1. Suppose the filter is small (G, A, S) and in contact (Cβ under 8 Å) with a residue 60 or more places away in the chain; does A147 pass it?
2. Is it the case that A210 is surrounded by fewer than 17 Cβ atoms within 10 Å (Cβ to Cβ) and either at pLDDT below 95 or not in a strand (DSSP E or B) (or both)?
3. Going residue by residue through region 260-282, is there one that turns out to be touching a Cys at 6+ places or on another chain (Cβ under 6 Å) and under 27 Å from L149 (Cα atoms)?
4. Using beta carbons and a limit of 6 Å, which pairs, at least six apart or on different chains, have the first residue in region 168-193 and farther than 19 Å from P247 by Cβ and the second one aromatic (F, W, Y)?
5. Is it fair to say L176 is within 25 Å of V273 (Cα to Cα), crowded, with 19+ Cβ neighbours inside 10 Å, in contact with a strand residue (DSSP E or B) (Cβ under 7 Å, 6 or more places away or on another chain) and modelled with pLDDT of 95 or more?
6. Being surrounded by 15 or more Cβ atoms within 10 Å (Cβ to Cβ) and modelled with pLDDT of 95 or more is the requirement here; does L149 meet it?
Amino acid sequence: MERHPPPQRQTLCRSPASTAEAAQGGRLSRPTERFSARAENYRRYRPGYPAAAMDLLATHCGLAANAVVVDVGSGTGILSAQLLERGARVIGIEPNDAMRAAAEERLAAAPGFRSVAATAEASTLPADSVDLWVAAQAFHWFDAPRARLEALRVLRHGAFAALLWNERPQEPGDFLSAYEALLHRHAREYSTIAARRADEASMREFLGAAMQVARFPNHQRLDYAGLEGRLLSSSYAPERGHPEHQPMLAGLRALFERHQKAGEIVFPYETRVYFAQLKARS
């Protein structure tokens, strides 16, 4: 695990004013609406998080049986399901109706799960009621200062916060390099969103100077349908009817055929967990 010294203040990749407002001065659509048509692909084709990352939450951040964990920007419930497997009581905070409905359907049989239509900046939860605050693949849509104030309000004294990401590995390999080139050709929002995603300056603003990071290998094995679904789950991917949609899929098919082995490709990730004790002990 690493401790990162605070860098000079960066202003290039700033968070939007809230999870309900347009990002980057209005050039991107409203964050709470971006995944409405993508919820099914997101549920079926997005990766989970490796057991080692969940172990870290347990050993360093307070994840335990019966711990109250709030999963902010919980989406279709991918991380929530893994938290429930550890015996936690999980509250999913998700403003997007379609994503939240997918999580509720997925986790309907889990007695420890509660779903709330709210945002990172206004969770509606009681003060001093949460043992661990987590967000996976969602922090770049938050207003970091306002989300921090809300997290401090709902967390109990001594509690931790953690931000999880499945990101590009340091050595991406031929397939992922070609995949990213495809995105740059056909998905004009890709560069903007990718730059904002795991922005350490804004995460440090949220977590504080004691922020640590742990890194773990992760991957998916995908056939072509899975690879296409994985791409179309991304908010920056042109949807059906967009002039770049069909050229993008044609390029994706050609890319798959070049790199597949036995009908599958390996899609690599580096899972990063940024974490810190957010609220001091009383």
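1. Yes; evaluated as a whole, the condition is true for this residue.
2. Criteria met by A210.
3. yes
4. Once the first residue is farther than 19 Å from P247 by Cβ and sits in region 168-193, its partners that are aromatic (F, W, Y) give I193/Y236.
5. It is false that L176 is within 25 Å of V273 (Cα to Cα), crowded, with 19+ Cβ neighbours inside 10 Å, in contact with a strand residue (DSSP E or B) (Cβ under 7 Å, 6 or more places away or on another chain) and modelled with pLDDT of 95 or more.
6. Here the answer is no, as L149 does not meet what is asked.
The values are calculated or read from the model by the stated rules, or taken from the named source; none is laboratory data. Remember, it's a predicted structure, so these values are computed and weren't measured experimentally. Backbone-built Cβ (ideal geometry, glycine too); neighbour counts: all protein chains shown.
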